[in-house]
Amino acid sequence: MNFRFFPQLGARCYQTLLWFVTGVSLFLVSPALAEAAGAVGGAPMQFLLVHGEMGQCRADSTCPDWISAEGQIMADTPRKLQKILKQVGNRKLPVVVSSPGGDVKAAMEMARIIRKQKLSIAVGHTRSRACPYAEPICSAAFAKDGSITGQPFSDGAICFSACPLFFAGGVQRVSSPFALLGVHQITTTYSEVRVQYRTEYEMVDGRRKIISKKEIGRKFVGKYDTTKLDKAQRTRLVSFLDKMGVDRGLVDLMLGTDPNGIHLLSQMDALRLKLTTELADADALVSARNCKENQSISDCVAPAPSTTAAPMTSASAMAGK
């Protein structure tokens, strides 16, 4: 026997369901991975196309270009990275990064982007000669198209917290002794929200058949942070590092370091963990030309312009007279 929906019965069902939802509908919103200490309050990461103006190549206009990436990694930073890569087209320009960290999910997404494009990366800053020493990139440095001219340098550059995950995406990865690479625990932030629903249903053969369900109220209750990674989160992190070619030992260093501190990686430790691929600095990386796969950066750095005059042919000698 089928029981149809009657107004009186519907009202009673609605009231009972609303009381139940109001009482117990506290749940956890999907966790968002967030950076712990250090990056909060930093300026969002900015990507710039840089035209080199180093002394050894400025005279004959043979200086290389690169992409500057400086600032905190935010949820929308991967979109900005895609935009600058679209701007540079098919050119495989190196990335020079300095960042206190930020959003872990975004950092991993950016790593996959630059790995797909087979780009290299270095920890470093960019400085323009048009700017004061204390402000390496200033408004005076910008051209009409948004690019700048500049020089790479390593002193004082950092890649902390979530930044090494972005850094791991480079096919060649270098960091100078004058730059700092560091990791710490990932902090997961959970938000608690109370939600009310209005549900209408009818009874069919003694069972409730839902006709409609609509959210009618939502209230933020609070949030809390934890540094504990569940099994699925750890598996995803380890799998990511495996694909990037970085040793899993980096995960142990991350999980063993308090989020209010930083475990600084020496050049040799970074090399042992395969976080860096060789000993070099930002200047060497951007100066390299057409490096082949597995070729050392030092082997493909463009030679400095020769200061020795080439011998004149008889034709050129005559033209000079």
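Taken together, the values in this text are just the output of simple stated rules run on the coordinates, not laboratory data. For clarity, every value in this text was computed on a predicted model and none was experimentally measured. Heads up, the Cβs are rebuilt from the backbone with ideal geometry, glycines too, and the neighbour counts pull from every protein chain shown.
Of note:
- Between residue 196 and residue 113, the modelled label-to-label distance comes to 4.2 nm, taking each label 7 Å out from Cα in the direction of the beta carbon.
- Against the empirical curve 2.2 N^0.38 Å, the C-alpha radius of gyration of region 197-270 lands at a ratio of 2.09.
- By average C-beta atoms within 10 angstrom, highest first, the peptides 203-215, 253-265, 101-113: 101-113, 253-265, 203-215
- Given 116/274; 105/243; 83/223; 116/292, the pairs whose alpha carbons are separated by over 27 Å: 83/223
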